[in-house]
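Step one of this worksheet: look at the structure below.
The values are calculated or read from the model by the stated rules, or taken from the named source; none is laboratory data. All figures in this text were calculated on a predicted structure; none of them were measured in a lab. For neighbour counting, all protein chains shown are included, and Cβ atoms are generated from backbone atoms with ideal geometry for every residue, glycine included. Areas reflect the complete protein model, heavy atoms only, side chains present, ligands, DNA and RNA absent. Shrake-Rupley method; radii C 1.70, N 1.55, O 1.52, S 1.80 Å.
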Amino acid sequence: MTRPFHLGWFVGNSFGVHGWNQPWTGRSARDWAKPDLQIDVARAIERACFDFLMMEDSLFVPDNYGGSTRFYLERALRAPKNDPLPLASVLAYLTKNLGIVPTISTSFYPPYLLARHIATLDLMSEGRIGCNFVTSTAARAAQNFGLEEHVEHHLRYEMAAEFVEVVKRLWESWDPDAVVMDEERGVFVEPDKVRAVDFKGRFFASRGPLNTARSPQGHPVLMQAGGSPQGRAFAARNIDVVLAASNAIPEMKAFRADMRRRVAAEGRDPDSVKVMFMLIPTLGETEGEARDRLDRKLAAKDAAPEVVLAGMSSLTDIDFAGFDLDAPLETLTTNGQQGTLRQFQSQGGTLREIVRNYSHGYDRLCGTPASVASRMIEIIEEVGGDGFIIAGPLNRRYVTEVTEGLVPVLQKRGAVRSAYAHAHFRDNMMEF
Ligand SMILES: Cc1cc2nc3c(=O)[nH]c(=O)nc-3n(C[C@H](O)[C@H](O)[C@H](O)COP(=O)(O)O)c2cc1C
């Protein structure tokens, strides 16, 4: 092991319902609208010295599966879901070292509002905020913002690039030393150190300056997870941390090599862009117990393929309810999540096979904390990646297994940090 790797926690379904009708979840689902579960998770992963907690988000109630909201609403899949930004401020306030990363839509959020919101959070948290940029992929989301259909996939990424440009210009509209608070001169802010940006682009315009000060990180940590060529190109130019959901080691290796090539071609240092992989380990006291738990999880998926299909329908705007599970699947296209659909389709010939093999991340790793830790270290050595985002079910039992079981073994082996070295999220993320 030459250098340690990073850990993040991906809270899928974010500030939504977790553990509805699932064992070991206590009152989590009933108390879904309160931040207590996420607060407990943030504190647990901070004790384990994770780099960040990332909150997924989406902006619509899906009706893509079977042409109705029924399937999703009855199971609390993706709705109800609160806005992650108020939760981000609670988590930032109740932690001291952890990076907090809400997800933001570059297609629907006005850049000025976003720049101000994130700068505010960065100031409040003394430099621990990140932002996961998504272009949003659903027609239903677009319709909530006055469009009939969503903007075309590639054009969305061109918008996203401009969005990042204007947001960064706004963040830079105050010099780092603009706030002087000089009592003798009676000057709080040096007026010459705050400037308009006068941004006029193809999609966005903003005069600036921002009406809050330069934040501690200047540029909060920017993340994104789009795996299409357009998503990767956007990341190579603009992003600090790239997240990938792959369920095969060769694919992870190819993804990282491709990202590093793209980053270098943009004139950036490939080591300055971190590539992290979704990981859903299943832990047990013994190898047998862990294997049994994983087998039961996979059997439950086999028994209810419609849950996976409904999820995929909401990501791709394709209604999978109408397909024969056992017929060969034709090649599908989408204006929704293209990389996700491509990966989904590559998992087998029929939908039933695909559902069996598909996972949003690497989910076949199971064992004791010691054996899972060894395997994680081997994967990073083989792939050369920068770390993992843990993405398992959000319940206190699972979080404890990871933070109190797995992470201490990784720490003993020097594979992950045992203490935070820096005050700012970006500095911790770029430390190794
Ligand atoms: C780890 C991870 C987290 C993601 N989080 C979100 C999210 O919170 N909201 C969202 O709309 N899409 C999310 N996505 C989807 C991506 O942003 C992107 O839309 C998707 O991967 C398809 O992009 P592509 O069309 O460029 O391949 C996530 C993807 C991954 C792998």
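In table form, for the structure just shown:
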{"item": "First in the range 284-298 and more than 14 Å from residue 364 (Cα to Cα), second anywhere and open to solvent by 50 Å² or more (accessible area, probe 1.4 Å), Cβ under 6 Å, 6 or more apart", "result": "none"}
{"item": "Every pair of residues 6+ apart whose Cβ atoms lie under 9 Å, when the first sits in the range 248-259 and is farther than 14 Å from residue 360 by Cα and without any contact (Cβ under 8 Å) to a residue 40 or more places away in the chain while the second is charged (D, E, K, R) and surrounded by 14 or more Cβ atoms within 10 Å (Cβ to Cβ)", "result": "255/232; 258/232; 259/232"}
{"item": "Residue selected from the range 332-373 under the condition more than 24 Å from the chain's Cα centre (by Cα) and open to solvent by less than 20 Å² (accessible area, probe 1.4 Å), by the criterion farthest from residue 151 (Cα to Cα)", "result": "367"}
{"item": "Some residue of the range 220-230 being of a type in the set (A, V, I, L, M, F, W, C), open to solvent by less than 30 Å² (accessible area, probe 1.4 Å) and either farther than 22 Å from residue 115 by Cβ or in a loop (DSSP other than H, G, I, E, B) (or both)", "result": "no"}
{"item": "Criterion: under 19 Å from the mean Cα position of the chain (by Cα) and either farther than 29 Å from residue 188 by Cα or open to solvent by less than 10 Å² (accessible area, probe 1.4 Å) (or both) - qualifying residue of 173, 107", "result": "107"}
{"item": "Count of the range 51-71 residues which are open to solvent by 30 Å² or more (accessible area, probe 1.4 Å) and without any contact (Cβ under 8 Å) to a residue 60 or more places away in the chain", "result": "3"}
{"item": "Residue list for the range 215-251, restricted to those being within 17 Å of the chain's Cα centre (by Cα), farther than 18 Å from residue 57 by Cα, within 13 Å of the ligand (Cβ to nearest atom) and at pLDDT 95 or above", "result": "232, 234, 235, 236, 239"}
{"item": "Residue match in the range 374-381 (condition: small (Gly, Ala, Ser) and in contact (Cβ under 8 Å) with a residue 40 or more places away in the chain)", "result": "no"}
{"item": "Residue count for the range 21-34, restricted to those that are over 24 Å from residue 297 (Cα atoms) and either among the basic types (Lys, Arg) or surrounded by 17 or more Cβ atoms within 10 Å (Cβ to Cβ) (or both)", "result": "1"}
{"item": "Unmet requirement for residue 197, which otherwise passes all of (1) β-branched (Val, Ile, Thr); (2) part of a loop (DSSP other than H, G, I, E, B); (3) crowded, with 23+ Cβ neighbours inside 10 Å", "result": "(3)"}
{"item": "Yes/no for residue 212 being within 16 Å of the ligand (Cβ to nearest atom) and either out of contact with any Pro (no Cβ under 6 Å at 6 or more places or on another chain) or of a type outside the set (Ser, Thr, Tyr) (or both)", "result": "no"}
{"item": "Residue 156 being over 19 Å from residue 210 (Cα atoms), open to solvent by 10 Å² or more (accessible area, probe 1.4 Å) and either within 16 Å of the ligand (Cβ to nearest atom) or part of a loop (DSSP other than H, G, I, E, B) (or both)", "result": "no"}
{"item": "Residue match in the range 2-20 (condition: modelled with pLDDT under 95 and either of a type in the set (Asp, Glu) or loosely packed, with under 15 Cβ neighbours inside 10 Å (or both))", "result": "yes"}
{"item": "All helices (runs of 4 or more DSSP H) inside the range 69-139 with 3 or more residues being touching a strand residue (DSSP E or B) at 6+ places or on another chain (Cβ under 8 Å)", "result": "84-93, 111-124"}
{"item": "Selection within the range 119-142 - within 16 Å of the ligand (Cβ to nearest atom) and open to solvent by 70 Å² or more (accessible area, probe 1.4 Å)", "result": "140"}
{"item": "Residue tally, condition open to solvent by less than 60 Å² (accessible area, probe 1.4 Å), assigned to a helix (DSSP H, G or I), among the small types (Gly, Ala, Ser) and closer than 30 Å to residue 153 by Cα, over the range 296-331", "result": "5"}
